[in-house]
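This report concerns only the one structure given below.
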Amino acid sequence: MLHGWPETDESKKLLLEQVRAFAKSEIAPKAADIDREHRFPTEIVKQLGEMGLMGMMVPEQWGGAEMDAVSYAMAMEAVSAACASSGVVMSVNNSLVCYPLQTYGNDEQKKKFLTPLARGEKLGCFALSEPGAGSDPGGLKCTAEKVSGGYKLHGSKNFITNGREADIAIVFASVDRSIGHKGICAFIVDTKSQGFQVSKLEDKLGINGSSTAALFFDNVFIPQENLLGKEGQGFRIALSTLDGGRIGIASQALGIAQAALNASKKFALEREQFGAPIAKLQAIQWFIADMATRLQAARLLTWHAAKMKDAGLKYSKEAAMAKLAAAEAAMWITTKAIQVHGGYGYTKDYPVERHFRDAKITEIYEGTSEIQRLVIADQEFANLD
Ligand code: CAA
């Protein structure tokens, strides 16, 4: 069943059916083990690549599936409902790596870097955050010193999803810190370069199948041809990329929330108390009704943002609204899902404790809920009637 969008065309329905079937049969059965073992889902990522889901919006010319952002949102939701760790690996590669290469890269860069990434033959990461620059990436300290034939990269990055496995990193560093964000550049960095180090792996609350790494660059040489866009354009590249990334994370949150709702309905129909399934109790019915309503409201905001992106309109505010609503809905829904399950929900015998742990990160990465509110409020005040 497609979750209530009458305008949805046949090709999207078909895509979603295929992704849902794959997620149900191949991903979902492995999700609990992936979480427990903190195992990167190598075989799932490979299959996602073969299905065209690692470069969904990239033109076919550059190895992608040439689909729109609405299809991407739907597929991200389906994959994340099965396994949120697989979802974020897919989201980073699509939104944060393929997108800036496709949008700001030249043909040579697209051929060399974008094509294998979009085909799923290589994996990417997005290295913006630093130990002292999370919500405020304009304050980053990584430097790119100009040298003969290119740049030398020095500094640290923090909380980089896919940082351990990535073949290619989009790294943001400053050529001149005295001019603030106008000195920031985006670079395409081969993670096998000399001096490129994974310095720490985080031990996290959730999304345990994906790596979250600290990186250290010890004078990594970057050839001039690996500058993405123009010198000084890096901050804009980062923020415009994050606009699209927020649609991806909103969709991941929807998937987690949908999985928690599904598990809650199943449990409520099976669990008997006071001589009947607890689904007969109004308290439980109201939980389910509120969960479904919040989820659908967030889904429509997410698809709206994706539609604006597809239409070539400015969509920063809509993407921020979608991520804010979906992340907070996911946290609320997964909390209630545990409540519906009672004591069982607090154990690892049921999936809702994993959904609860996985949901939390969606309120934090690719801009916290507070940053989304800031983006929304800025644009509200900029548009007075
Ligand atoms: N697209 C393009 N350009 C944009 C933009 C956008 N969405 N938003 C702002 N800009 C431009 C502005 O026009 C301005 O340009 P000029 O100076 O040339 O006029 C410039 O960027 C600076 O704008 P602001 O003064 O508004 O920027 P700011 O420093 O105040 O920051 C912010 C605004 C919204 C707080 C922003 O810094 C932000 O989004 N912070 C959160 C960062 C974030 O999401 N980090 C997540 C890290 S990635 C991650 O989580 C990865 C992972 O592995 C999953």
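A short reminder: the numbers here are calculations on the coordinates, not readings from a lab. Quick caveat, the model's predicted, so the values are computed rather than measured. Note that each Cβ is placed from the backbone with ideal geometry, even for glycine, and that neighbours are counted across all protein chains shown.
A few comments on the model shown:
- Taking all Cα pairs closer than 8 Å and separated by 6 or more residues, the relative contact order of the chain comes to 16 percent.
- Burial ordering of Val147, Val198, fewest other beta-carbon atoms within 10 Å first: Val147, Val198
- Think of it as helices only: each DSSP H run of n ≥ 4 in the chain is worth -39500 (n - 2.57), and spread over all residues that comes to -15000 deg cm²/dmol at 222 nm.
- Built amide H within the under 5 Å cut-off of Leu123, gap 5+: Asp167, Ile168
- For region 243-249, 3J(HN,Hα) per residue [Karplus equation, 6.51 cos²θ - 1.76 cosθ + 1.60, θ = phi - 60°, Hz, x = Gly/Pro]: 4, x, x, 5, 5, x, 6
- The length gained on full extension between Val198 and Leu281, counted as 0.36 nm times the residue separation minus their Cα-Cα distance, comes to 24.7 nm.
- Quarter of the Cα convex hull surface for the chain, i.e. its orientation-mean projected area (nm²): 19.6
- Applying 1/(1 + (r/R0)^6) with R0 = 25 Å to the Cβ-Cβ distance of Gln379 and Gln296 gives a FRET efficiency near 0.55.
- 3J(HN,Hα) from dihedral phi, region 48-61, Karplus parametrisation 6.51/-1.76/1.60, rounded to Hz, x for glycine, proline: 4, x, 5, 7, x, 9, 9, x, 4, 9, 7, x, 4, 3
- Given charges at Cβ of Lys, Arg, Asp, Glu: the chain dipole, positive-most of Thr368, Phe187, Gly312: Thr368
- Values of log10 I(q)/I(0), in the order q = 0.14, 0.22 Å⁻¹, for region 162-301 under a Debye, Cα-only, solvent-free model: -0.83, -1.30
- Check: region 125-235 dipole with +1 on Lys, Arg Cβ and -1 on Asp, Glu Cβ, in debye: 140
- Each of Tyr365, Tyr99 has some number of other Cβ atoms within 10 Å of its Cβ, and from fewest to most they run Tyr365, Tyr99.
- Using only side-chain charges placed at the Cβ, +1 for Lys and Arg and -1 for Asp and Glu, the dipole size of the chain relative to its Cα centre rounds to 380 debye.
- Using a simple spin-label model with pseudo-atoms 7 Å out from Cα toward Cβ, Asn219 and Arg236 lie 3.4 nm apart.
- Per residue convex hull volume, Cα atoms of region 242-382, in Å³: 96
- Ordering of 245-253, 121-129, 184-192 by packing [mean C-beta count within 10 Å, highest first]: 245-253, 121-129, 184-192
- Each DSSP beta bridge with both residues in the chain is either parallel or antiparallel, and the antiparallel ones are about 85%.
- Hits among lysines - C-alpha to C-alpha of Lys280 under 27 Å, sequence gap 8 or more where chains match: Lys265, Lys266, Lys336, Lys348
- Using a Förster distance of 22 Å, the FRET efficiency for Thr347-Lys24 (Cβ separation, nearest 0.05): 0.40
- Whole-Å semi-axes of region 125-235's equivalent ellipsoid (Cα gyration tensor): 23, 16, 11
- Residue exposure proxy: Ser174, Ser11, Ser86, ordered by other Cβ atoms within 10 angstrom of their Cβ from fewest to most, comes out as Ser11, Ser174, Ser86.
- Cα lying deepest toward the dipole's positive end in the chain, options Ala279, Gln47, Gly124, charges on Cβ: Ala279
- Relative contact order %, region 10-122, counting alpha carbon pairs below 8 Å whose residues are six or more apart: 33
- Between region 271-346 and region 202-243, the C-alpha centres lie 31 angstrom from each other.
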